[in-house]
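Dropping a structure here in structure tokens format, bear with me for questions.
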Amino acid sequence: MIFLKIIDMVKEMEVKVFEERLYCDKCETEMQPTGAVLCSFPPQYEHYCPKCNYRLNTSKMYPSEKYVKV
């Protein structure tokens with residue numbers, strides 16, 4: 001049986017964090033998640049516009065974070 005040292009396989013790197021937000025196509029207001037998830041593959045997350053009540057399903061829940069290597 002071979003035991004690996006997991007600590008040797010872990011590497012650290014510097015990253016920059018970006019916040020991604022979803023905006024309404026109709027009135028450009030920031031959309032909010034409803035909390036509803038469609039059980040499709042991949043899952044779809046429902047968002048709504050608090051100003052015009054437009055609803056949209058996306059494959060990602062917003063707001064979210066994006067990590068980019070520096």
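Taken together, the values in this text are just the output of simple stated rules run on the coordinates, not laboratory data. This structure is a prediction, so every number in the text was calculated from the model and none was measured. Heads up, the Cβs are rebuilt from the backbone with ideal geometry, glycines too, and the neighbour counts pull from every protein chain shown.
Considering only region 8-42, how many residues are β-branched (Val, Ile, Thr), part of a loop (DSSP other than H, G, I, E, B) and over 15 Å from residue 62 (Cβ atoms)? Talk me through it step by step, then tell me what you get.
Going residue by residue through region 8-42, those that are β-branched (Val, Ile, Thr) are 10, 15, 17, 29, 34, 37.
Still in the running and part of a loop (DSSP other than H, G, I, E, B): 10, 29.
Filter once more, so that each one left must be over 15 Å from residue 62 (Cβ atoms): 10.
Residues flagged as β-branched (Val, Ile, Thr), part of a loop (DSSP other than H, G, I, E, B) and over 15 Å from residue 62 (Cβ atoms) within region 8-42 amount to 1.
Of all residues in region 11-41, which are of a type in the set (Lys, Arg), closer than 28 Å to residue 51 by Cβ and surrounded by fewer than 10 Cβ atoms within 10 Å (Cβ to Cβ)?
21
Just give me the residues in region 56-70 being of a type in the set (D, E, K, R), assigned to a strand (DSSP E or B) and surrounded by 10 or more Cβ atoms within 10 Å (Cβ to Cβ), in sequence order.
66
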